[in-house]
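The values are calculated or read from the model by the stated rules, or taken from the named source; none is laboratory data. Keep in mind the model is a prediction, meaning the values are calculated, not measured. Cβ coordinates were reconstructed from backbone atoms using ideal geometry, including for glycine residues, and neighbour counts include every protein chain displayed. What goes into the accessible areas is simple: the full protein's heavy atoms, side chains included, and nothing from ligands, DNA or RNA. Shrake-Rupley method; radii C 1.70, N 1.55, O 1.52, S 1.80 Å.
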Amino acid sequence: MGCFVSKDKLTKEDMDFLKTHTSYDETTIKEWYKGFKQDCPNGRLTPAKFVDMYKMFFPSGNAVEFCDHVFRTFDMDKNGYIDFKAIHVTSSGTPEEKLKWAFRMYDVDGNGVIDIQEMTKIVQAIYDMLGACSSNRPADSAEERAKNIFAKMDENNDGQLTQDEFLKGCLQDEELSKMLAP
């Protein structure tokens with residue numbers, strides 16, 4: 001999704017695309033775009049800028065690794081930046097669409113399944129982002145949390161979560177869904 005050209009105004013085609021592929025109306029899209037252009041005047045959100053934005057929300061934590069995983073998932077064409085359309089199409093879907101996006105983030109190596117090491121890596125990145133002193137940070141370790149998630153979701157106990165197992169587990173457990181696909 002890196003073909004988006006820097007401009008001061010969205011084209012009719014871009015607006016139509018966003019209205020079709022998101023739940024936002026034209027006014028909301030224009031407001032979001034205005035803010036995006038203020039933060040990214042050239043229309044490209046870079047990894048460094050992405051981390052800076054997360055740091056504003058999690059000042060006591062380390063957001064770098066988590067941002068690397070999120071950025072990798074948003075940068076679907078692997079061109080090194082995220083454009084306005086990619087952010088909003090990815091973040092405004094149905095709960096199932098958002099969970100599919102989250103699955104891609106957890107599937108670090110892109111092989112179509114999540115193993116315990118990948119789950120632990122992402123959970124640890126979330127914990128690091130929250131910071132050691134955060135009241136939102138769970139009391140258990142990232143390893144314990146990953147093992148608990150696998151115990152709930154890995155239906156066939158093969159040590160891997162397929163997208164179907166991940167979706168089913170999240171859709172059946174609201175707490176898991178909130179934690180895994182914030």
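Express the carbon and sulfur contribution to the solvent-accessible surface of the stretch 28-88 as a percent, rounded to the nearest whole number, probe 1.4 angstrom.
Solvent-exposed carbon and sulfur of the stretch 28-88 make up 59 percent of the total.
Per residue, how big is the convex hull of the stretch 95-154 when only Cα atoms are used? Give it in Å³.
Hull volume over Cα atoms, normalised by residue count, gives 97 Å³.
For Cα pairs less than 8 Å apart in space and 6+ apart in sequence, what is the mean separation divided by the residue count of the chain, i.e. the relative contact order in percent?
Relative contact order here is 22 percent.
Take the residue pairs 30/55; 12/178; 85/152; 19/49; 78/147; 19/121 and return only those whose Cα atoms are more than 28 Å apart.
Correct reply: 12/178; 85/152; 78/147; 19/121.
Give me the percent of accessible area attributable to carbon and sulfur for the stretch 95-180, probe 1.4 angstrom.
For the stretch 95-180, the apolar C and S fraction of the accessible surface comes to 46 percent.
Which order do peptides 74-84, 29-39 fall in by mean Cβ count within 10 Å, highest first?
Top to bottom by mean Cβ count within 10 Å: 74-84, 29-39.
Work out from phi, with θ = phi - 60° and the Karplus expression 6.51 cos²θ - 1.76 cosθ + 1.60, the ³J(HN,Hα) of each residue of the stretch 160-166, listed in order in whole Hz, and give x for Gly and Pro.
9, 9, 7, 4, 5, 5, 4
In Å, what is the Rg of the alpha-carbon atoms in the stretch 28-88, and how long is Dmax?
11.7, 32
Ignoring ligands, DNA and RNA, what accessible area per residue does the chain give at 1.4 Å, in Å²?
Per residue, the chain has 55 Å² of solvent-accessible surface.
Hey, what do the phi angles of the stretch 56-67 turn into as Karplus ³J(HN,Hα) couplings, whole Hz, using 6.51/-1.76/1.60 and θ = phi - 60°, x for Gly and Pro?
Along the stretch 56-67, the couplings run 5, 8, 10, x, 8, x, 10, 8, 4, 5, 4, 4 Hz.
Through the Karplus equation 6.51 cos²θ - 1.76 cosθ + 1.60, θ set to phi - 60°, convert the phi angles of the stretch 68-78 into ³J(HN,Hα) values in whole Hz; use x for Gly and Pro.
Values per residue, Gly and Pro as x: 4, 5, 5, 4, 4, 6, 5, 7, 5, 8, 6 Hz.
Only four residue types carry charge here, +1 at the Cβ of Lys and Arg and -1 at the Cβ of Asp and Glu. Report the dipole size of the chain about the Cα centre in Debye, rounded to the nearest 20.
The dipole magnitude comes to about 820 debye.
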